[in-house]
Structure formats: structure tokens, C-alpha cells
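Undergrad: Pasting in a structure now, in C-alpha cells, and then I'll have a few things to ask.
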Amino acid sequence: MCVWYLRNTYMENKLKEPNAPLTVCGESVDLTSLTLPIFIYGSCGDHIVPWKSAYASAPILSGPQKFVLGTSGHIVRVINPPSKNKRSFWIMEGVDHFPADADDWFDAATEHPGSWWSTWSAWLAENAGEQVAAGKAQGSQALSGDRAGVGAMSCSATCEPQMRNSLIENGIGGRCQRKPK
């Protein structure tokens, strides 16, 4: 599964290709066809996902988008709580589509002091739907007996052969089945 994931999503970057021959558990994956609200975050000093790489997602995805650029690096800016009121972030408001070039976006964006968390929180409130109390049990359903430990690792029998073989090689064989709806 790891090799399949790295090859398809990193080396060949099939997630960015419209109508790419990419399937997961028998389902075609085409990110360009999504029309849901998207919140993309990048950090100026991020060494794992450089902010321009994070921004490159914007032209691929459809639907209303918000791109937020924070200062600092991969961890510090993301976990710094609003109460610290450190650093700043940039956003671009009032446009239907972002520029194709990240530098053009940055030139048009406005810097705001403090934490980006309030922007994230407002976006969630606008797009998340009705809030409900968390369930009492972990997961979407209680699993026991033969189904214990399957959870997120289960997939349909039509999984990509490499993914299915990787599951079997890693001791998860015999549990490759479609999750209940």
C-alpha cells in the first residue's frame, strides 16, 4: 500500500490529472471534479510542503476556495494557539478565482496580524453544517470479534491489486471487505 500510494500520489502525481486512471478500492478518484468548499493552508517556512506547492492545489480544485498563508514553518505556525497572538497570515478576499501563479496571489493578498485560526473557525462555521455531539464510542460503529481492528484498513475486494497485496503482506489479509454503509 505504501509503494502504491507513493507512486500514484507523489512520483506520478495522478491526483492533479483530470480523469486520471486512479482508483482506490474500486472507486475512480478525480479531484478536478470536486465542487465542494475548500480551505487550503500553507506556511511560508514549511520545508515539507512549501507554500507554493500547497497553493498549486487551488487551480486543480473547483468550488469556493480560501487559501491562507501563515508565517513560520511546518509545525510552529499550525499549532500556535490564537491566545499567543504571534506572527501573521495572508488571505485574498472577494475573488471567485485565484491567480494561477502563487506570487501573483501573494502580491494581491492582505496581511492580517495574529492567528489564522479565527479565519479557519469562521470558514468551518459557514461550511460545516449542523454541529452534533461526539459519539460515546470510538469510530463510526463498535467493532468486535472478527471485525475488531478492521476499521479504516478495510477495503473492497476490488482494491488495486498492489494495495490489496500490501494489506495481505502486512498481516491484514482476510479482512479486505467493503465497509458497511
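The values are calculated or read from the model by the stated rules, or taken from the named source; none is laboratory data. As the structure is a prediction and not an experimental result, all values here were calculated from the model. As a convention, Cβ positions derive from the backbone with ideal geometry for all residues, glycine included, and neighbour counts pool all protein chains shown.
Undergrad: Can you pull out every residue in segment 67-119 that is more than 19 Å from I38 (Cβ to Cβ) and touching a Phe, Trp or Tyr at 6+ places or on another chain (Cβ under 6 Å)?
TA: Residues satisfying the conditions are P82, E111, H112.
Undergrad: Does S88 satisfy being closer than 20 Å to E111 by Cβ and in contact with an Asp or Glu (Cβ under 7 Å, 6 or more places away or on another chain)?
TA: Spelling it out, S88 is indeed closer than 20 Å to E111 by Cβ and in contact with an Asp or Glu (Cβ under 7 Å, 6 or more places away or on another chain).
Undergrad: A further question follows. Provide a single number: the residues in segment 50-92 that are of a type in the set (V, I, T) and closer than 25 Å to N19 by Cα.
TA: Residues in segment 50-92 being of a type in the set (V, I, T) and closer than 25 Å to N19 by Cα: 1 in total.
Undergrad: Would you mention how many residues in segment 100-116 are closer than 27 Å to K84 by Cα, within 21 Å of the chain's Cα centre (by Cα) and loosely packed, with under 14 Cβ neighbours inside 10 Å?
TA: So the answer is 0.
Undergrad: Which helices (runs of 4 or more DSSP H) sit wholly inside segment 2-81 and have at least 1 residues that are over 26 Å from F106 (Cα atoms)? Full working, then the answer.
TA: On the way: elements: 2-5, 51-55, 76-79.
Once the helices (runs of 4 or more DSSP H) in segment 2-81 are filtered for at least 1 residues that are over 26 Å from F106 (Cα atoms), what remains is 2-5.
Undergrad: Further question on the same structure: Do you know which of the residues in segment 85-143 that are assigned to a loop (DSSP other than H, G, I, E, B) and among the hydroxyl-bearing types (S, T, Y) is modelled with the highest pLDDT? Quick ask: steps written out before the conclusion?
TA: Keep residues of segment 85-143 that are assigned to a loop (DSSP other than H, G, I, E, B), which gives 85-87, 92-101, 109, 114-116, 128-143.
After this cut, where a residue has to be among the hydroxyl-bearing types (S, T, Y) as well, the list is 115, 140.
On the way: S115: 86, S140: 55.
The residue in question is S115.
Undergrad: Looking at the structure I just gave you, is M1 more than 22 Å from W123 (Cα to Cα) and modelled with pLDDT under 80?
TA: Criteria met by M1.
Undergrad: Turning to a different aspect of this structure: Identify all residues within segment 30-42 that are crowded, with 16+ Cβ neighbours inside 10 Å and either hydrophobic (A, V, I, L, M, F, W, C) or more than 15 Å from the chain's Cα centre (by Cα) (or both); write none if there are none.
TA: L31, I38, I40
Undergrad: Restricting to segment 76-99, count the residues that are surrounded by fewer than 18 Cβ atoms within 10 Å (Cβ to Cβ) and under 15 Å from P50 (Cβ atoms).
TA: Final tally of qualifying residues: 1.
Undergrad: Using the structure shown, decide if P21 is of a type outside the set (D, E) and within 29 Å of A128 (Cα to Cα). Spell out the reasoning first.
TA: Working: of a type outside the set (D, E): yes; within 29 Å of A128 (Cα to Cα): no.
Considered against the rule, which asks whether it is of a type outside the set (D, E) and within 29 Å of A128 (Cα to Cα), P21 comes out as no.
Undergrad: Turning to a different aspect of this structure: With the requirement that a residue be at positive phi and exposed (fewer than 13 other Cβ atoms within 10 Å of the Cβ), what does segment 14-29 give you?
TA: N19, G26
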